[in-house]
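Colleague: Got a structure here, written out as structure tokens. Questions coming.
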Amino acid sequence: MNKIAIITGSNTGLGFETAKALFLDGYYIVMANRSAQKSKLAINKLKKLGKGNKVEYILLDLEDRKSIEAFVAEFENRHGKFDVLVNNGGVLLPKYALTKNGLEKHFDVNYLGHFYLNSLLLNSMSDSGLVVSLGSLAHKMEVADIHFDDIAFKNIAYKKMTAYSQSKLALTLYGVELARRFEGSNKRSIIVHPGVSNTDIFSRYYGRYLGKIVMPIVKLFGITGPKEGAQSIIHAILTSDIPNGSFIGPQGKKEWCGNPGVCKLSDKARDKILANKLWKYSEELIGNEFNIN
Ligand SMILES: NC(=O)c1ccc[n+]([C@@H]2O[C@H](COP(=O)([O-])OP(=O)(O)OC[C@H]3O[C@@H](n4cnc5c(N)ncnc54)[C@H](OP(=O)(O)O)[C@@H]3O)[C@@H](O)[C@H]2O)c1
């Protein structure tokens, strides 16, 4: 039996490279993507690798609760159990926008959508399953904080990097707290960061200037492509003895690139009180308790 890996946002970028590496390693891949067309193209690329057909997609839009519920129902109907879940899908620096849940886009897509998905899906994880959550160096930025009093930046000024770092700190706090809640079981939660990797994420909201002109120049200073950027994620999954709660990222200069290894989380990301406050607050936002059995 192949192990099953679910990867959110895997039609492109780091998610696709992760899907490719796991597919080549013999995993059955379930792509959790919001576009059927992009998913089909990505699946065709994997099938051309000559390693069989063990890949499919189920639609998932992280900012749509109904879509998350439908994904979980469909996955359980088709497969029942999974072994690896990668909380990968995300956005970077869009203009200020509220989702239909009334939340700021970074927070809803990058963090809360994953929190809701995990709350519904983790009962279907195998006893030695692994959850990998995509953190970022941004979780260590000075501006990185959880703005409980104004999570959607309705009153405080919206600054894109502040909002991105809030969402990445939130997902990191979640990954670390999940590891605490997995203690005493064989389940693991690992947090990873890719360094800085030249993917579509930089051009989606900035267009030609950042994506096509600035990034290739910055590349000269060590920024790599999606294949290299995905190595931390792939290492976290394919190396079986990485301890629960680890933070994995590139070991090169400034942790921008290089071979994967253990990195240091910020003090805030390890703050248990903050993590529990966020967990409770997130339960209120999704209107459900999220208990780990
Ligand atoms: N690249 C870096 O340097 C870097 C650094 C630190 C952290 N990260 C993190 O790594 C992860 C992957 O980023 P990437 O660089 O690979 O970016 P990317 O190439 O832009 O890929 C992002 C993926 O997320 C998906 N996505 C966006 N909104 C979604 C939604 N509402 N529901 C479901 N999927 C959605 C996208 O789907 P569509 O194609 O349909 O939009 C795409 O598949 C992100 O969490 C990002 O924050 C990246």
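The values are calculated or read from the model by the stated rules, or taken from the named source; none is laboratory data. Treat the numbers as computed from the prediction; the structure is a model and nothing was measured. Glycine gets a Cβ as well: all are built from the backbone with ideal geometry, and neighbour counts include every protein chain shown.
Colleague: Restricting to segment 50-65, give me the number of residues that are outside any loop (DSSP other than H, G, I, E, B) and not aliphatic (A, V, I, L, M).
Modeller: Qualifying residue count for the region: 3.
Colleague: Before we move on, is V72 among the β-branched types (V, I, T), touching a strand residue (DSSP E or B) at 6+ places or on another chain (Cβ under 7 Å) and under 27 Å from K277 (Cβ atoms)?
Modeller: Details: among the β-branched types (V, I, T): yes; touching a strand residue (DSSP E or B) at 6+ places or on another chain (Cβ under 7 Å): no; under 27 Å from K277 (Cβ atoms): yes.
Criteria not met by V72.
Colleague: In addition: Give the residues of segment 113-142 that are under 16 Å from A32 (Cα atoms), within 16 Å of the ligand (Cβ to nearest atom) and either at pLDDT below 95 or assigned to a helix (DSSP H, G or I) (or both), sorted by residue number.
Modeller: G113, H114, F115, Y116, L117, N118, L120, L121 - these are the residues of segment 113-142 that are under 16 Å from A32 (Cα atoms), within 16 Å of the ligand (Cβ to nearest atom) and either at pLDDT below 95 or assigned to a helix (DSSP H, G or I) (or both).
Colleague: Please identify the pairs in which a residue from segment 154-176 that is under 28 Å from L85 (Cβ atoms) has its Cβ atom under 6 Å from the Cβ atom of a residue that is among the polar types (S, T, N, Q) and assigned to a loop (DSSP other than H, G, I, E, B), counting only partners at least 6 apart or on another chain.
Modeller: Qualifying pairs under 6 Å: K168/S136.
Colleague: Can I ask one more? Out of (1) buried (at least 23 other Cβ atoms within 10 Å of the Cβ); (2) more than 10 Å from the ligand (Cβ to nearest atom), what's the single condition that is false for T8?
Modeller: It is condition (2) that T8 fails.
Colleague: Of everything in segment 1-19, what is in contact (Cβ under 8 Å) with a residue 24 or more places away in the chain, out of contact with any Pro (no Cβ under 8 Å at 6 or more places or on another chain) and over 12 Å from I43 (Cα atoms)? Give them in sequence order.
Modeller: Within segment 1-19, N2, K3, I4, A5, I6, I7, T8, G9, G15, T18 qualify.
Colleague: To continue, here is another question. I'm checking my understanding of the structure. Among residues of segment 84-112 that are among the charged types (D, E, K, R) and assigned to a loop (DSSP other than H, G, I, E, B), which one is nearest to the ligand (Cβ to nearest atom)? Walk me through how you get there before you give the answer.
Modeller: Our first condition is that a residue be among the charged types (D, E, K, R); within segment 84-112, this holds for 95, 100, 104-105, 108.
Filter again for assigned to a loop (DSSP other than H, G, I, E, B), leaving 95, 100.
On the way: K95: 15, K100: 11 Å.
The qualifying residue nearest to the ligand (Cβ to nearest atom) is K100.
Colleague: Within segment 172-185, which residues are buried (at least 24 other Cβ atoms within 10 Å of the Cβ) and either of a type in the set (S, T, N, Q) or in contact with a His (Cβ under 7 Å, 6 or more places away or on another chain) (or both)?
Modeller: Answer for segment 172-185, where residues must be buried (at least 24 other Cβ atoms within 10 Å of the Cβ) and either of a type in the set (S, T, N, Q) or in contact with a His (Cβ under 7 Å, 6 or more places away or on another chain) (or both): just T172.
Colleague: Are there any pairs with C-beta distances below 8 angstrom linking a residue in segment 184-203 that is without any contact (Cβ under 8 Å) to a residue 12 or more places away in the chain to a residue that is part of a strand (DSSP E or B) and more than 7 Å from the ligand (Cβ to nearest atom), with the two at least 6 apart or on different chains, and if so which?
Modeller: none
Colleague: Being surrounded by fewer than 24 Cβ atoms within 10 Å (Cβ to Cβ) and either under 22 Å from K100 (Cβ atoms) or not β-branched (V, I, T) (or both) is true for just one of Y158, Y111. Which residue is that?
Modeller: The match here is Y158.
Colleague: Which residue pairs have Cβ atoms closer than 6 Å, lie 6 or more positions apart in sequence or on different chains, and pair a first residue in segment 248-275 that is within 17 Å of S136 (Cβ to Cβ) with a second residue that is among the hydroxyl-bearing types (S, T, Y) and modelled with pLDDT under 95?
Modeller: C257/T224
Colleague: Here is a further query. Any chance segment 35-57 includes a residue that's among the acidic types (D, E) and surrounded by 19 or more Cβ atoms within 10 Å (Cβ to Cβ)? Spell out the reasoning first.
Modeller: Going through segment 35-57, the residues among the acidic types (D, E) turn out to be 56.
Applying the additional criterion that residues be surrounded by 19 or more Cβ atoms within 10 Å (Cβ to Cβ) yields none.
Within segment 35-57, none of the residues are among the acidic types (D, E) and surrounded by 19 or more Cβ atoms within 10 Å (Cβ to Cβ).
Colleague: Report, by residue number, each residue of segment 186-200 that is surrounded by fewer than 21 Cβ atoms within 10 Å (Cβ to Cβ) and within 12 Å of the ligand (Cβ to nearest atom).
Modeller: Result: N198, D200.
Colleague: Take segment 230-267 and flag every residue that is modelled with pLDDT of 95 or more and among the small types (G, A, S).
Modeller: A230, S232, A236, G245, S246, G249, G261, S266
Colleague: Select from segment 43-90 the residues that are more than 18 Å from the chain's Cα centre (by Cα) and among the small types (G, A, S) and list them in ascending order.
Modeller: G50, G52, A70, A73, G80
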